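For reference, the structure discussed in these notes is given below.
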Amino acid sequence: MDQQLQEIAAPSAQDTLGEAALTLDDVRAAAMRILGAVVRTPTLHSKTLSRIVGADVWLKFENLQFTAAYKERGALNKLLTLPPDVKTRGVIAASAGNHAQGLAYHAGRLGIPVTIVMPKSTPIVKVQQTRGHGAEVVLDGDTFDEAYAIACRIKEERRLIFVHPFDDREIMAGQGTVGLEMLEDVPQLDTIVVPVGGGGLISGVAVAAKGLKPDIRIVGVQSNQYPAMYLLKRNEPVAGGGDTIAEGIAVKEPGLLTRAAVAEHVDEVRIVSETRIEEAISLLLDIEKTVVEGAGAVGLATLLPLKNGTFRPEFAGRKIGVILTGGNIDPRFLANVILRNLARSGRIGRLAILLNDKVGELAKIAEIFTRNDANIIEVQHQRIFGVLSAKGSEVEIEYEIRDKHALEPLLMDLDAAGYTYEVMTISGRRPGRSQRPG
C-alpha cells in the first residue's frame, strides 16, 4: 500500500490552538466562496442498500467531483482566502493522494503557483495526474515523513504557504460544505456517517450539521489498521499502522484542531475491518454502479449487518447519510476486491481434486461440474509437488456457480464418485467431507 498517503504531520500546537473554533458561519462562508467551482454532488436514496442494512440510507456522491474526491472543497476555500501577495508567491503541500490533486487542480485554475512534494515511490499515474493540473511535482523522499520535511524546507526557502491536508480552519470549513448540502437535500437525516483519517472532513461536517440540527448523530468510521481518532475518543493512546485498502484515511496522528472538534461535536467513532471495506466497495459497484475507493467505502461498511445476518441495532430504522468521499482506487486493487468478494459469496470458487493420471479422468470431472451448472473458468494440473504417487495428479479447478448453496450438490457428486478433494478459500484450504474427522 501507499504509505505516503499517511498525511500525518500537523502544525505545532502554538500554530493551531490559538485559532478560534470552527463555526457554522465559517462553513456557510466557505460554501459561498466555492459555489459553482466544485460539483454540487447529489445525495440520493438507495432502496437496495436500505433493505440490506435495515435503515433508510442516502448516499452523498463526492466521488463525482472533478478530481473524484471531496478534498477539492477545502483546498479551494483555503486558496480563496489567501492574501494577494501569497497567491503570487504560491503554495506548497506534501501529499500523494487526493489532497495533492484537489490543490493542484484549483491552484492551476486560479493561476496560483503550486508545488507538491511526493515520495519517490508514488505511483506514476498519480504523479502524471498532479502534473497534468499544472503543479510542480518534486519527487523526493522515501516516505511521506521525508517528503513532508522536504516540503517544509522548500516552503522556507521560497517563502511559500504550506497547505495542510486537514488541520486548518479553512480546509475544515470547506469540507464542512458536504454536510450543508446533505441537510439541504435531505433535511430528515438523523445520522451522518463520515470516514475519518486526519479529521478535516468530519470536523467540518459535524460543526455544520450540529449547527443546523443539534440532535443529529455524527458517526466517524476508521480502518481498524489506523484507529487513531477512535482511540482518542476512548481516551486511549494513539496507535496503528500497516497496509490498508483505505489508504486515503491511513493517518497515524490526527490534527490538533480536528481532534478538538471531534471531541466536542462527534457522537461516536467506529472501526471496520479490511474484509468489510472490501465488501462495501463491491456492493457499491454492484448495486449503485459507482466506483469508490477504500476510504470512501468505510461509511457503508460500518452499517452492514452482523455476521449472523441481523441488522445492527444502533442503526436499525434510522435515516442515515453516508459520504462516499472519493473514487480514486487503483484498477488492479478494484479487480482484486471484486473477485475476492465473489469468492466470499460463493459465486466463484476453486477445488483441488486428486485424480488418477489417465485418459478420461478430467472429462469425468468436467461432466460433474456441467451437471451442477458450474462453469469452469480455469484448470491447473500438478503432477510433482503435493502428489503422493507418480500415477496421480492434482487438478485445481476454478469455477463460477449460482451461489454458495449450489456448491453442496456438486460436492456430493464428487463424494459419490469417490474423489478426494479440498475446498480452496481466501484464507486457505479445507478438506472434503470424506477427509474430515468423524
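The values are calculated or read from the model by the stated rules, or taken from the named source; none is laboratory data. On a predicted model such as this, the values are computed, not experimentally measured, just so you know. Using ideal geometry, Cβ is built from the backbone for each residue, glycine included, and neighbour counts are taken over all protein chains shown. Keep in mind that these areas ignore ligands, DNA and RNA; they rest on the heavy atoms of the full protein, side chains included. Shrake-Rupley method; radii C 1.70, N 1.55, O 1.52, S 1.80 Å.
Comparison of Gly392, Gly360, Gly346 shows that the only residue that is open to solvent by less than 60 Å² (accessible area, probe 1.4 Å) and modelled with pLDDT under 85 is Gly392.
Can you confirm whether Leu285 is part of a helix (DSSP H, G or I), within 23 Å of Val207 (Cβ to Cβ) and not small (Gly, Ala, Ser)? So Leu285 does not fit the description; no. When the residues of region 98-111 are filtered to those that are under 16 Å from Asp168 (Cβ atoms) and open to solvent by less than 10 Å² (accessible area, probe 1.4 Å), the one that is farthest from the chain's Cα centre (by Cα) is Ala107. Taking region 306-340 as the range and being more than 21 Å from Val57 (Cβ to Cβ), open to solvent by less than 70 Å² (accessible area, probe 1.4 Å), in contact with a helix residue (DSSP H, G or I) (Cβ under 7 Å, 6 or more places away or on another chain) and not aliphatic (A, V, I, L, M) as the test, only Asn328 passes. Being under 16 Å from Ala107 (Cβ atoms) and assigned to a loop (DSSP other than H, G, I, E, B) narrows it down to one of Leu76, Leu82, so name that one. The conditions single out Leu82.
Just to verify a result, which residue in region 22-48, among those that are more than 22 Å from Thr191 (Cα to Cα) and free of Cβ contacts under 8 Å to residues at least 24 places away in the same chain, is surrounded by the fewest Cβ atoms within 10 Å (Cβ to Cβ)? This residue is Gly36.
For Val125, only one of the following conditions fails: (1) open to solvent by 60 Å² or more (accessible area, probe 1.4 Å); (2) under 22 Å from Val27 (Cβ atoms); (3) part of a helix (DSSP H, G or I). What is its number? The single condition Val125 does not satisfy is (2).
Taken together, the residues in region 157-199 that are part of a helix (DSSP H, G or I) and either among the β-branched types (Val, Ile, Thr) or within 18 Å of Val57 (Cα to Cα) (or both) amount to 10. Checked against (1) outside any loop (DSSP other than H, G, I, E, B); (2) within 21 Å of Tyr421 (Cα to Cα); (3) of a type outside the set (Asp, Glu), Ile323 meets all criteria but (2). Exactly one residue among Ile277, Ile245, Ile202 is part of a loop (DSSP other than H, G, I, E, B) and either open to solvent by less than 50 Å² (accessible area, probe 1.4 Å) or without any contact (Cβ under 8 Å) to a residue 12 or more places away in the chain (or both), and that residue is Ile245. In region 346-365, the condition of being in contact (Cβ under 8 Å) with a residue 24 or more places away in the chain and within 18 Å of Ala295 (Cα to Cα) is met by no residue.
Scanning region 211-242 for residues that are assigned to a loop (DSSP other than H, G, I, E, B) and either hydrophobic (A, V, I, L, M, F, W, C) or under 20 Å from Gly294 (Cα atoms) (or both) returns Ile216, Asn224, Gln225, Tyr226, Pro227, Val238, Ala239, Gly240, Gly241, Gly242. Looking only at residues in region 176-196 that are closer than 15 Å to Arg73 by Cβ and under 17 Å from the mean Cα position of the chain (by Cα), the one that is surrounded by the fewest Cβ atoms within 10 Å (Cβ to Cβ) is Val194. Taken over region 136-166, the criterion of being small (Gly, Ala, Ser) and farther than 10 Å from Pro119 by Cβ is satisfied by Ala149, Ala151. For region 49-90, taking the residues that are among the aromatic types (Phe, Trp, Tyr) and touching a residue at least 60 places away in the same chain (Cβ under 8 Å), the one that is least open to solvent (accessible area, probe 1.4 Å) is identified as Phe61. Answer yes or no: is there a residue in region 248-269 that is more than 25 Å from Ala68 (Cβ to Cβ), assigned to a loop (DSSP other than H, G, I, E, B) and of a type in the set (Val, Ile, Thr). Looking through region 248-269, at least one residue is more than 25 Å from Ala68 (Cβ to Cβ), assigned to a loop (DSSP other than H, G, I, E, B) and of a type in the set (Val, Ile, Thr).
Here is a check on your reading of the model: is Ile150 more than 20 Å from the chain's Cα centre (by Cα) and assigned to a helix (DSSP H, G or I)? Yes.
Identify all residues within region 128-164 that are open to solvent by 80 Å² or more (accessible area, probe 1.4 Å) and either among the hydroxyl-bearing types (Ser, Thr, Tyr) or in contact with a His (Cβ under 8 Å, 6 or more places away or on another chain) (or both); write none if there are none. Listed by number, the list is empty, since nothing qualifies.
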